[in-house]
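Enquirer: Just dropping this structure here.
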Amino acid sequence: MTTKALWKHSLNVYKPTRTTYVHKIPRQALLSDPKVKFPIYHRLPSFWREEFETPDPNVHQVFDNDGTPRPQHDGLWKRMKTKEKFQAKRVENVHIPLRFCQEAEAGIWAGETIVTAYRYPKNGKKRKLLKWFWTPQLIKRSVYSEILGRYINTTFTPRALDMIDAAYGFDYFILQTHVKVLRKFASSLKREMLLVLANKDTRLHPNDAEKREEIYNKYKEYEIEEERASWVGLDLKEAMLKQWTIEKEAGFYDPKPLLELYTEQLLASLNLEEEVGGPEDELPIEGGAIFDRSTATSSISK
């Protein structure tokens, strides 16, 4: 074969196919998942990880999941009657992608946020989609906290005010609600309240013993340990920094000479052998000693 004809024959090289980059988990989600990205994540407390992994609430939609699946169709479907015949209609249960804004994190919005989506223009022509923002009604209020002993000035939504009324008090609302609904600012208030209850003798109205006992008896059912209360409402960055500080103080990251490491391993193995049993703990052999000196000397003399 001549040299000019070699270029016509393709070499046996690896070529990626359509299924080469298919993963069970999306690549972007795999890279942004803290379980994979940060090794310290698995050493965080289990109760904090359970709260952190709880999905964000969607209070803007009410889903109807009464439909049934249809073959070769996505989603759920219902049988609806239109005029004189029945027709299948898909159930609207598509989640709106939510992203909690800074204003929602800094206020008490009870799970609401600014919804970003698209809508058609009002002229009736569906030629172009317009980007639109749906903002909840915001109300500035000042509420009093009995546990903290001060007023809280921030923005509320009507849903948050209704939940406060349903809980019969602001402190009850904060202590009963999940941190995913409270968001950043209200979660910090919840952590502060739990720390005050855990240290009631020094932080809960220290100058008024009668008022301290009255408030403590009112909210004592929500009291938890101080160590656990210090983790409530922390975000991922704050929790990892707190865990790193604890491990740093305990000497987890201090370099250790190999001589000390091997000495500890040797001592641990020797202690294990002593617990299992050494040569002095062996069972006696039947028929006397293994080697009798008297019989050995008599046989040699003969």
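The values are calculated or read from the model by the stated rules, or taken from the named source; none is laboratory data. None of these values were measured; they are calculated from a predicted model. Cβ: placed from backbone, ideal geometry, glycine included. Neighbour counts: every protein chain shown. Please note that ligands, DNA and RNA were not included when accessible areas were found on the heavy atoms of the full protein model with its side chains. Shrake-Rupley method; radii C 1.70, N 1.55, O 1.52, S 1.80 Å.
Enquirer: Out of ALA229, ALA250, report the one residue that is of a type outside the set (S, T, N, Q), open to solvent by less than 100 Å² (accessible area, probe 1.4 Å) and modelled with pLDDT of 95 or more.
Expert: ALA229 is the lone residue from the list that is of a type outside the set (S, T, N, Q), open to solvent by less than 100 Å² (accessible area, probe 1.4 Å) and modelled with pLDDT of 95 or more.
Enquirer: Can I ask one more? One residue is enough: does the stretch 167-180 have a residue meeting the conditions under 12 Å from GLY233 (Cβ atoms) and open to solvent by 30 Å² or more (accessible area, probe 1.4 Å)?
Expert: Checking the stretch 167-180: at least one residue is under 12 Å from GLY233 (Cβ atoms) and open to solvent by 30 Å² or more (accessible area, probe 1.4 Å).
Enquirer: Hey, another quick one. Can we say GLU103 is within 23 Å of the chain's Cα centre (by Cα), acidic (Asp, Glu) and more than 26 Å from PHE63 (Cα to Cα)? Even if it seems obvious, please write down each step before you answer.
Expert: Numbers: within 23 Å of the chain's Cα centre (by Cα): yes; acidic (Asp, Glu): yes; more than 26 Å from PHE63 (Cα to Cα): yes.
Yes; evaluated as a whole, the condition is true for this residue.
Enquirer: Condition first: open to solvent by 60 Å² or more (accessible area, probe 1.4 Å), among the hydroxyl-bearing types (Ser, Thr, Tyr) and either assigned to a helix (DSSP H, G or I) or at pLDDT 75 or above (or both). Can you find one or more residues in the stretch 51-61 that meet it?
Expert: No: zero hits.
Enquirer: List pairs: first in the stretch 125-150 and under 28 Å from LEU194 (Cα atoms) and without any contact (Cβ under 8 Å) to a residue 12 or more places away in the chain, second assigned to a strand (DSSP E or B) and open to solvent by less than 100 Å² (accessible area, probe 1.4 Å), Cβ under 9 Å, 6+ apart or cross-chain?
Expert: Going by the 9 Å Cβ cut-off, the qualifying pairs are SER142/ILE152; SER142/THR154; ARG150/TYR144.
Enquirer: Just to be sure I understand, how many residues within the stretch 176-201 are part of a helix (DSSP H, G or I) and either of a type in the set (Val, Ile, Thr) or closer than 13 Å to ALA110 by Cα (or both)? Spell out the reasoning first.
Expert: Pass one, the stretch 176-201, residues part of a helix (DSSP H, G or I): 176, 179-198, 200-201.
Those left that are additionally either of a type in the set (Val, Ile, Thr) or closer than 13 Å to ALA110 by Cα (or both): 176, 179-187, 196.
Count: 11.
Enquirer: Also, I was wondering about something else. Does VAL179 meet the test of being in contact with a helix residue (DSSP H, G or I) (Cβ under 7 Å, 6 or more places away or on another chain) and touching a residue at least 60 places away in the same chain (Cβ under 8 Å)? Please lay out each step first, then the result.
Expert: Values: in contact with a helix residue (DSSP H, G or I) (Cβ under 7 Å, 6 or more places away or on another chain): yes; touching a residue at least 60 places away in the same chain (Cβ under 8 Å): yes.
Answer is yes for this residue.
Enquirer: Give the stretch 209-226 a look and list any residue that's surrounded by 10 or more Cβ atoms within 10 Å (Cβ to Cβ) and free of Cβ contacts under 8 Å to residues at least 12 places away in the same chain, or say none.
Expert: Of everything in the stretch 209-226, those that are surrounded by 10 or more Cβ atoms within 10 Å (Cβ to Cβ) and free of Cβ contacts under 8 Å to residues at least 12 places away in the same chain turn out to be ALA209, LYS211, GLU213, GLU214.
Enquirer: Moving to a separate point now. Within the stretch 233-244, work out how many residues are without any contact (Cβ under 8 Å) to a residue 60 or more places away in the chain and surrounded by 14 or more Cβ atoms within 10 Å (Cβ to Cβ).
Expert: Looking only at that region, the number is 2.
Enquirer: Tell me yes or no: at least one residue of the stretch 10-23 is modelled with pLDDT under 85 and aromatic (Phe, Trp, Tyr). Reasoning before the result, please.
Expert: Step one: of the stretch 10-23, the residues modelled with pLDDT under 85 are 10-23.
Then keep just the ones that are aromatic (Phe, Trp, Tyr); that gives 14, 21.
So far as the stretch 10-23 goes, yes, one or more of its residues are modelled with pLDDT under 85 and aromatic (Phe, Trp, Tyr).
Enquirer: Also, I was wondering about something else. Taking the stretch 256-270 on its own, how many of its residues are modelled with pLDDT of 90 or more and open to solvent by 80 Å² or more (accessible area, probe 1.4 Å)?
Expert: Residues flagged as modelled with pLDDT of 90 or more and open to solvent by 80 Å² or more (accessible area, probe 1.4 Å) within the stretch 256-270 amount to 8.
Enquirer: Where in the stretch 67-164 are there strands (runs of 3 or more DSSP E), lying wholly inside it, with at least 2 residues that are open to solvent by 80 Å² or more (accessible area, probe 1.4 Å) and out of contact with any Lys or Arg (no Cβ under 6 Å at 6 or more places or on another chain)?
Expert: Because the criterion is at least 2 residues that are open to solvent by 80 Å² or more (accessible area, probe 1.4 Å) and out of contact with any Lys or Arg (no Cβ under 6 Å at 6 or more places or on another chain), the strands (runs of 3 or more DSSP E) in the stretch 67-164 that meet it are 76-82, 85-90, 130-134, 139-145, 150-156.
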